[in-house]
1. If Ile221 meets every condition in (1) in contact with a strand residue (DSSP E or B) (Cβ under 9 Å, 6 or more places away or on another chain); (2) closer than 27 Å to Val99 by Cα; (3) assigned to a helix (DSSP H, G or I) apart from one, which number is that one?
2. May I ask you to list pairs of residues, at least six apart or on different chains, whose Cβ atoms are under 9 Å apart, with the first in region 154-165 being under 24 Å from Glu79 (Cβ atoms) and the second being part of a helix (DSSP H, G or I) and hydroxyl-bearing (Ser, Thr, Tyr)?
3. Could you please find all residues in region 212-251 being in contact (Cβ under 8 Å) with a residue 12 or more places away in the chain and of a type in the set (Phe, Trp, Tyr)?
4. Quick check on Gly174: is it touching a residue at least 24 places away in the same chain (Cβ under 8 Å) and at positive phi?
5. Taking region 189-203 as the search range and keeping residues that are part of a helix (DSSP H, G or I) and under 18 Å from Thr8 (Cβ atoms), which one is most open to solvent (accessible area, probe 1.4 Å)?
6. Which of the following residues is in a helix (DSSP H, G or I) and closer than 21 Å to Gln110 by Cα: Asp211, Asp207?
7. For Ser109, state whether it is small (Gly, Ala, Ser), out of contact with any Cys (no Cβ under 7 Å at 6 or more places or on another chain) and within 21 Å of Val159 (Cβ to Cβ).
8. For a quick check of your reading: which helices (runs of 4 or more DSSP H) sit entirely within region 1-119 and have at least 1 residues that are out of contact with any helix residue (DSSP H, G or I) (no Cβ under 9 Å at 6 or more places or on another chain) and open to solvent by less than 10 Å² (accessible area, probe 1.4 Å)?
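The values are calculated or read from the model by the stated rules, or taken from the named source; none is laboratory data. Treat the numbers as computed from the prediction; the structure is a model and nothing was measured. Positions of Cβ are backbone-derived with ideal geometry, glycine not excepted, and every protein chain shown enters the neighbour counts. Note: accessible area is taken over every heavy atom of the protein model, side chains too, but ligands, DNA and RNA are not part of it. Shrake-Rupley method; radii C 1.70, N 1.55, O 1.52, S 1.80 Å.
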Amino acid sequence: ILLEVVWTRMISIVDEAAKAIVRTSFSTLSNEANDFACVLTDNRGFSLAQNSGSIPSFIATLPATVRHFIDEIGYDKLEPGDILITNDPWKGTGHLSDVCLVCPIFRGSQIVAFAASTSHVPDIGGRLRAMESRQVFEEGVQIPLMKIISAGKTDETLVKLLTQNVRTPEQTIGDIWAQISACELMQDRLQRLMDDYALDEITTLADELFDRAEAAMRKVISDVPDGTYRYAIDTDGAEETYHFAVAVTVK
């Protein structure tokens, strides 16, 4: 019962952060199209909870992005008040328009978790039709894995650079600030949760959740009857329709 209560509170944290993005974002991509996600991970970058309306692709990539930040920057160079940013398509979600924000969450001097958010911003420079790009350099501004806020101090040079290189500066920067607010909200709510239950770390809790989730998934897969399952979908392209098909054999 305690595990369920704590996990449900974690889900409520990311759902509240999602509501904050909807209420404070500047573009309709977030507040109407819901083209964003909020995720909490443990200090290893493994997913703990994601907002109920998350886009599946973002749910899958955000924890990996957190781990890329850990590898690139390292725990020892992170401090309270940091907010990390990137839109690297190979370490983020796949294209430059999706901006990823990550916030390390501290308990004393130790990092206990990460709050993360991805949002499709209204413009990132480059071609109007990104699908026509032949190289990533045509798609817009590339943001390497770096800090947009360091120990509470905003990197105004980065903000100015982004503002200068997008067609919708107020909306784009406004959406990024909405993400930052959501990450800080998740940080505050998780710290309160840990206070309420006198938790010094959440790795033990995370491992229990992961073990139960794996057992439940293995049980569901084992119940699937043997056979070959096929699925196909047609999707519109730039000038033609694409057909995708997949077949999975279960034995």
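1. Ile221 satisfies all of (1) in contact with a strand residue (DSSP E or B) (Cβ under 9 Å, 6 or more places away or on another chain); (2) closer than 27 Å to Val99 by Cα; (3) assigned to a helix (DSSP H, G or I) except (2).
2. Qualifying pairs under 9 Å: Leu162/Thr172.
3. Within region 212-251, Tyr229, Tyr231, Phe244 meet the criteria.
4. The answer is no for Gly174.
5. My answer is Arg192.
6. Asp207
7. The answer is no for Ser109.
8. Per the criteria, 56-73.
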